[in-house]
Amino acid sequence: MSEKNLYGHDQLNIIYDQAQIETKITEMGKKISADYAGLDLILVGVLRGSIFFLVDLTRKMHIPFAIDFISISNYSEQTDATGVVRITKDLDLSITGKHVLVVEDIVDTGLSLGYLLRNLRSRNPASLKVCTLVNVEARRIVEVPVDYKGFDTPNVFVVGYGLDYNEKYRNLQFIAQFDRP
Amino acid sequence: MGIITISREFGSGGEIVARFVAEKTGFLLVNKDTIVRGLAEHGIQVPKPNKEDLGAKEQEGQGEGKYIEAMHDFIYDLAIRNNLVILGRGGTILFHDYPPALHVRIIAHFTERVRRVMKTYDLASETAVRLVKEQDREKIRYFRQIFNSNWNNLRLYDMVLNTEKMDFEDTADLIIAAYRIHAEPREVKDAPPPGEIEERISIPQAEAEAEMFMHPSEEEFAHMLDFYRIRWQYEPRTFFLEWDSEGNVVEAFSPDFYLPDQDLFIELTTQKPRQAWKKNRKIRRMKELYPDISVRLIDKRGFESLLKKHSIDQDEGEDGDN
């Protein structure tokens, strides 16, 4: 399906439309609700891309939970070539002894998620799992566990539903392949 | 004084090439033998490691240091009175600051070098592989210890020649032609003054690291692993893939990176997809022969998306992994 001249671009090719995404998120919400019933759950949203998915996911859940956010620096934004990854916005809540579900919009190389999991694991949560809307196995460099995934996507650049290009397109209600200029 | 320095990988045929260059130019060939003999005439002997007294390690090192100092004086002395072809011995570093010198590196693929060594010295493949690796390691050690420099840094050389498809004598002719052009430079017009060029060239901060990689994409990849605090090793292991009917290794594969925490080998390729099948085939073969070893090929497309996503100086956003 091709969406011409959207946002003044003709480079967008929808790969998952709004209805497909809603169906998928409904399934995921049900599954997570069943798996975490009766447990002390904290959803950890990874800024910034995951917020759209996180909001819609929680609306499909029917168990109590807490929400918190975390953000880490990435390689593209560093100014010093000798820098290392660090947390730029930490959790406000303590996760020790809690069941933690990390919510990502996309898992591709596994590099940033790998670091995040190592960091969170050191805080001794009761359990630590990962949920992502988009999973790009073809780009994986380090293995990371993905417990709940929406779509297994081939190695293409995607935008929409939280995923951006130059901070644009996050608000699209669908996920589209984007040919970078 | 005319100086041509030739550094070579063991089994690349660099010795033969150097001999041809010396014969054709009439330059004096300086190799290990020349130096040992020359120094012996001055009463300086190669220090022998004293194996009986293990406590004398430090003295041993000092002896080695003095010998190397004498060797360097000897080469400089020779160079004042003669035109030289210097084989090995860190010639490229010794005459680095002497612009008329031409610095050449002779290389060949690992399997080809093993094949030649087997033939030349009549060795079994395992012995030849061990010997080639030992010699490579020894050269790296020598450079690091004596010059605090990386032997594999190809930027130390003016030209790098692969002898796999070229006759040794042709290789020598090429070097001589290059030396003549180099030694009698034509006037370059409209070249910007050196200062201007330097301002435009950005020097990599991790120069020391940069020296060990064969390709800029490998360096970038290593930087990215460093950023995410993932431990890595560069080309730590060679896997044999094909043998001929006599049991000689004819194909081998050294993946670019090993990530010890993931127990994973990674091979990067920035080749065009059409050429990538060759590497894909090697990886398939490796998986057949070494099913317990995890190896991952990061292809051009995959790697470009990584670089674009992670590159420092581009104004593009990223697709939301973080």
Surrounding net charge for residue B:24, when Lys and Arg each add one and Asp and Glu each subtract one, Cβ distance under 12 Å: -2
Simple label model, 7 Å out from Cα along Cβ direction - residue B:278 to residue A:126, nm: 5.7
Distance violations [Cα-Cα > 24 Å] among B:165/B:287; B:133/B:279; A:60/A:89; B:32/B:66; B:24/B:66: B:165/B:287; A:60/A:89; B:24/B:66
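Write down the accessible area per residue of chain A in Å², having rolled a 1.4 Å probe over the full set of protein chains.
On the way: 7840 Å² over 181 residues.
Here the residues of chain A average 43 Å² of exposed surface.
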Where region B:3-183 is the region considered: accessible area per residue in Å², 1.4 Å probe: 55
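Sum -39500 (n - 2.57) across every DSSP H segment of at least 4 residues in chain A, then divide by the residue count to get the 222 nm mean residue ellipticity, nearest 500.
Values: 3 runs with 38 residues, N = 181.
After summing the helix terms and dividing by residue count, I get -6500 deg cm²/dmol.
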Heavy-atom accessible area, 1.4 Å probe, ligands and nucleic acids excluded: residues of region A:94-132 down by at least 10 Å² from chain alone: A:104, A:105, A:106, A:108, A:109, A:111, A:112, A:115, A:118
Residue mean of other protein chain beta carbons inside 10 Å, A:49-56: 1
Full-stretch length increase - residue B:42, residue B:70 - with 0.36 nm per residue and alpha-carbon distance subtracted: 9.1 nm
On Cα atoms only, tilt of A:18-35 relative to the major axis of chain A in degrees: 10
Modelled FRET efficiency - R0 35 Å, residue A:39 with residue A:89, Cβ distances, 0.05 increments: 0.85
Fraction of accessible area attributable to carbon and sulfur, region A:19-151 (%, probe 1.4 Å): 53
For region A:19-151, projected area of the alpha-carbon convex hull averaged over all directions, nm²: 8.2
Label point at residue B:169 placed 7 Å out along Cα→Cβ; residues across region B:19-35 whose backbone nitrogen lies under 17 Å: B:19-26
Nitroxide proxy distance, nm - points 7 Å out along Cα→Cβ at residue B:184 and residue A:168: 5.9
C-alpha long axis of helix A:111-121 to longest principal axis of chain A, angle in °: 20
Lys, Arg +1 and Asp, Glu -1 on Cβ, resulting dipole of region B:3-183 about Cα centre, debye, nearest 20: 280
Rounded FRET efficiency, nearest 0.05, which uses the C-beta distance separating residue A:156 from residue B:119 and R0 of 56 Å: 0.70
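Counting only protein heavy atoms and using a 1.4 Å probe, what share of the accessible area of region B:3-183 belongs to carbon plus sulfur, as a whole percent?
On the way: 5010 of 10020 Å².
Its accessible area is 50 percent carbon and sulfur atoms.
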Net charge dipole size for chain A [Lys, Arg +1 and Asp, Glu -1 on Cβ; Debye, nearest 20]: 340
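Using 1/(1 + (r/R0)^6) with R0 = 35 angstrom and r between the beta carbons of residue B:261 and residue B:140, what's the FRET efficiency to the nearest 0.05?
Values: r = 25 Å, r/R0 = 0.72.
Efficiency computed from Cβ-Cβ geometry: 0.90.
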For the pair B and A, total buried accessible area rounded to nearest 100 Å², probe 1.4 Å: 3400
Between region B:236-253 and region A:20-70, the Cα center-to-center distance that results, in Å: 52
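The values are calculated or read from the model by the stated rules, or taken from the named source; none is laboratory data. Just so it is clear, the model here is predicted, and its values are computed rather than measured. Every residue, glycine among them, receives a Cβ derived from its backbone with ideal geometry; neighbour counts consider all protein chains shown. Please note that ligands, DNA and RNA were not included when accessible areas were found on the heavy atoms of the full protein model with its side chains. Shrake-Rupley method; radii C 1.70, N 1.55, O 1.52, S 1.80 Å.
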